[in-house]
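What follows is a set of notes on a single structure, which appears directly below.
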Amino acid sequence: MGVVIRTAGEDDRERVVRLLDEAFRDDPVSSWVFPGAEYRRRTHHRLMAAFADAVFADGRIDLTEDGSACALWLPVPADAGEDTGDTGPEDVPAQVRKAVDPENERVELIARLTEDIHPSGRAHEYLWMIGVSPDRQGEGLGTALIGTVLDRCDHEGLPAYLEASSARSKVLYERLGFEFTGRALDLPDGPRMWPMWREPRTR
């Protein structure tokens, strides 16, 4: 039986946030941003909500019909990340920290560090996050979610980019055609992240 996928709407927000919270609460990066299980239980969902809201506003969230997995995608234009000399009225990482947990500097730091390593110069699809319910992992739901967008990328000649937050997920993404960029991100006193790029495949 195939996996039925649809585009999430605003009425799916709570479901998406809950799913991301469950899927990433024990992730190495989430554990670094929010050290301590009880602290993470109370606070982690706020960051997931901020991420979901950002993608609802500027990207697309794909959701399996049964709500067990979702993927957050952002289209990145070719000129994204270029220094125009105008910092603008909003410092997004600082705003996220203020909204999520003002006392936690790591909320802001993770945003700045991933922003610094994000490739620029070419339009691409950015897989910000993909979350699968813990009791449904290993069933191929994540691969199905990613595959639909990668097929479109191949058809349109678009690259794709992501940051793998664990060695296990890095191997999965390699099977889908992503390659490590060669510049890892080692979080201060924390885990390693692997930026990965995928060139479109010709048919």
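The numbers here are math on the coordinates, done by the rules we state, and not lab data. All values derive from a computational prediction rather than experimental measurement. Here the Cβ positions follow ideal geometry from the backbone for every residue, glycine too, while neighbour counts run over all protein chains shown.
Computed quantities for the displayed model
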quantity: Calculated P(r) tail over 16 Å for the stretch 88-190, as whole % of Cα pairs; calculated: 67
quantity: GNM top mover of ARG106, ARG168, ARG97 - the chain, alpha-carbon springs below 10 Å; calculated: ARG168
quantity: Span-rule helices in the chain, defined as complete DSSP H runs reaching 18 Å or more along the axis (Cα) with Kyte mean at least 0.0; calculated: 141-156
quantity: Computed lengthening from ASP11 to GLU199, 0.36 nm per intervening residue step minus Cα-Cα distance; calculated: 64.3 nm
quantity: Calculated FRET value between THR148 and ASP66, using beta carbons and R₀ = 22 Å, to 0.05; calculated: 0.85
quantity: For a label point 7 Å along the Cα-to-beta-carbon line of GLU105, residues of the stretch 170-189 with backbone N under 14 Å; calculated: 188-189
quantity: Ordering of 119-128, 179-188 by burial proxy (mean other Cβ atoms within 10 Å per residue, highest first); calculated: 119-128, 179-188
quantity: Percent of beta bridges antiparallel (DSSP, the stretch 104-200, rounded to nearest 5); calculated: 75
quantity: Sorted by Cβ neighbour density within 10 Å, fewest at the top, the residues MET48, MET129; calculated: MET129, MET48
quantity: Fluctuation leader among GLY142, GLY36, GLY131 - the chain, Gaussian network, Cα springs under 10 angstrom; calculated: GLY36
quantity: Label corresponding to Rg and Dmax of the Cα atoms in Å when calculated from the structure given, among [x] 16.4, 52; [y] 16.3, 46; [z] 18.9, 60; calculated: [x]
quantity: The stretch 178-184 - phi-based ³J(HN,Hα) in whole Hz, Karplus 6.51/-1.76/1.60, Gly and Pro as x; calculated: 7, 10, 4, 6, x, 10, 6
quantity: Residue exposure sequence - THR7, THR143, THR64 - by fewest surrounding Cβ within 10 Å; calculated: THR7, THR143, THR64
